[in-house]
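Down below is the structure, laid out as structure tokens.
The values are calculated or read from the model by the stated rules, or taken from the named source; none is laboratory data. Every value quoted in this text rests on a predicted model; they were computed, and no experiment measured them. So basically every Cβ, Gly included, is an ideal-geometry build from the backbone, and we count neighbours across all protein chains shown.
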Amino acid sequence: MRSLSGLTGIIMLVATSTALAEVKAREVPMRWQQAAISDGGELYGELCAVCHGKSGKGDGPAAGALKKSTPDLTVLASNNGGIFPQESVEDTITGKASTQSHGTVDMPIWGAAFEGVRPDWKPFRRGALAQQRIHNLTEYLSTIQVK
């Protein structure tokens, strides 16, 4: 009986250690290189929410430190006649549609950053990965639009 309780104790210890390791791993912020291979919601949470806020309303913890007010990303469709401006959003993220806040220290141009994720890949494959990440992020933004 004693060995059974010892075995139970060991199993509990391993399970607790595993759970604590998972919690600790979630507490460590994801680096942007890791986020670049995540889905759109994860990308947004790791890269954009600090300025644009968790809900996308422009009220992230770093928004007050920026030179310009952070845009409310939940009204992109309503500001565009009810149609989500997919191409415009992608161009802004990649840096094709440059604004004062994009491309400065305040807001990185994610297209170039995503292409640097896999420097050992050929340029075409790096570009495809970057485009997929931008597409996933843009698709996520389309889901947080106000009705």
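Scan (1) surrounded by fewer than 13 Cβ atoms within 10 Å (Cβ to Cβ); (2) part of a helix (DSSP H, G or I); (3) at pLDDT below 80 for the single condition residue 105 breaks and write down its number.
Result: residue 105 fails condition (2) only.
Pairs please, first residue from region 54-67 and over 18 Å from residue 42 (Cα atoms), second anywhere and of a type outside the set (Val, Ile, Thr) and loosely packed, with under 13 Cβ neighbours inside 10 Å, Cβ atoms under 9 Å, 6+ apart in sequence or on different chains.
63/69; 67/100
Go through 38, 55, 69, 98 for me and flag whichever is within 14 Å of residue 142 (Cα to Cα) and either of a type in the set (S, T, N, Q) or modelled with pLDDT under 60 (or both).
On the way: 38 fails: within 14 Å of residue 142 (Cα to Cα); 69 fails: within 14 Å of residue 142 (Cα to Cα); 98 fails: within 14 Å of residue 142 (Cα to Cα).
The conditions single out 55.
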